[in-house]
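> Here it is, the structure, as structure tokens.
What follows draws every value from the coordinates through simple rules; no lab data is involved. Predicted model only: the values in this text are computed from it and were never measured.
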Amino acid sequence: KIAVGAVTAEKIVAGAVTADKISVSSLSAVSANLGAVTAGSVNINNRFIVAADGTTTIQNATTGARLVLSNSLLQVYDANNVLRVKLGVW
């Protein structure tokens, strides 16, 4: 048996814990320097989205007054969710 708190970072040899030894249903961190990230797609709170095909959408809100930039199209909506400006290729 290992006592609670007995295993600390100072006691783990560098490289001893590898991905093949970790089995978790989810993994999160308050902050991390991930370097290069490989993913099928990325979705950050429906505000910054990169689909698997490379389609990219950036928006400051999902409804109401907002600016939406998606690949070669820029759209501006008013507070009533009405499209007011549409620039680019659609």
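> In whole Å, what are the Cα extents of the chain along the three principal axes, biggest one first?
Over the chain, Cα extents along the principal axes are 65, 26, 21 Å.
> Give me the lysines in straight-line cross-link reach of Lys11: C-alpha distance below 29 Å, same-chain residues under 8 apart excluded.
Excluding near neighbours in sequence, the set is Lys1, Lys21.
> Using only Cα atoms, what Kirkwood radius does the range 26-68 have, in angstroms?
12.2
> Can you tell me which aspartates and glutamates have their Cα less than 17 Å from the Cα of Lys86? Leave out same-chain residues fewer than eight positions away.
Reachable aspartates and glutamates: Asp78.
> Using 5 Å bins from zero, what percent of all Cα-Cα pairs in the range 1-50 falls into each bin?
4, 10, 12, 27, 21, 7, 8, 8, 2, 0
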